[in-house]
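Chemist: Just passing along the structure, written as structure tokens.
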Amino acid sequence: MTNTDKLIAWLHKMAKLSTVELTGRFDEASRLSLTRLVEECIPVCPVPSDLDADEFADWILGLRKSEGEWNRALGAAILKAEDAGERGDSAVGAEGLTVFAAECPWLPLREIAQREASRHRRGEKG
């Protein structure tokens, strides 16, 4: 498991907690974990250095929602690409994944889309 995988697993675990539980878990270690997660996965929106417990909870829940939405969108883009490939139009599938990668703020999801786009450009089957 990569460090990024560990950080995303940490996010998923934390996001299962209530807002009250999240604010109760806020400390320097959790702030640092959040900061590392953002730096590695979604660096377009840095964590403020003066984050408080309520903001920490908002960040956790917001990031989990965002990651889930982008993850579902990636799944849909991969399925569309597979369908296009089945129709013999791998270039269309690759283009859709390339557009997704350009728009997605989550680096791990962007990397998956880029790998899948390359695979479709080569015309490989999934």
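The values are calculated or read from the model by the stated rules, or taken from the named source; none is laboratory data. Keep in mind it's a predicted model, so treat the numbers as computed, not measured. Virtual Cβ from ideal backbone geometry, glycine too; neighbours counted across all protein chains shown.
Chemist: Find the residue count for the stretch 14-32, including only residues that are closer than 15 Å to D58 by Cα and assigned to a helix (DSSP H, G or I).
Modeler: Keep residues of the stretch 14-32 that are closer than 15 Å to D58 by Cα, which gives 14-27, 30-31.
Filter once more, keeping what is assigned to a helix (DSSP H, G or I): 14-15, 19-25, 30-31.
So the answer is 11.
Chemist: When you check V44 against the structure, is it under 13 Å from the mean Cα position of the chain (by Cα), at pLDDT below 95 and either not aromatic (F, W, Y) or not in a loop (DSSP other than H, G, I, E, B) (or both), yes or no?
Modeler: Yes.
Chemist: Here is a follow-up. Tell me yes or no: at least one residue of the stretch 69-83 is closer than 19 Å to M14 by Cβ and either of a type in the set (G, A, S) or touching a residue at least 40 places away in the same chain (Cβ under 8 Å) (or both).
Modeler: no
Chemist: If you don't mind, another one. Give the stretch 24-41 a look and list any residue that's farther than 30 Å from S90 by Cβ, crowded, with 17+ Cβ neighbours inside 10 Å and under 12 Å from the mean Cα position of the chain (by Cα), or say none.
Modeler: L37, V38 - these are the residues of the stretch 24-41 that are farther than 30 Å from S90 by Cβ, crowded, with 17+ Cβ neighbours inside 10 Å and under 12 Å from the mean Cα position of the chain (by Cα).
Chemist: Quick one: in the stretch 1-23, which of the residues that are modelled with pLDDT of 95 or more and among the hydroxyl-bearing types (S, T, Y) is surrounded by the most Cβ atoms within 10 Å (Cβ to Cβ)?
Modeler: Restricting to residues being modelled with pLDDT of 95 or more and among the hydroxyl-bearing types (S, T, Y), the top hit is T23.
Chemist: Please count how many residues of the stretch 75-120 are of a type in the set (S, T, N, Q) and not in a helix (DSSP H, G or I).
Modeler: 0
Chemist: Right, something else. Out of A94, A53, A76, A81, report the one residue that is within 18 Å of the chain's Cα centre (by Cα) and not aromatic (F, W, Y).
Modeler: The conditions single out A76.
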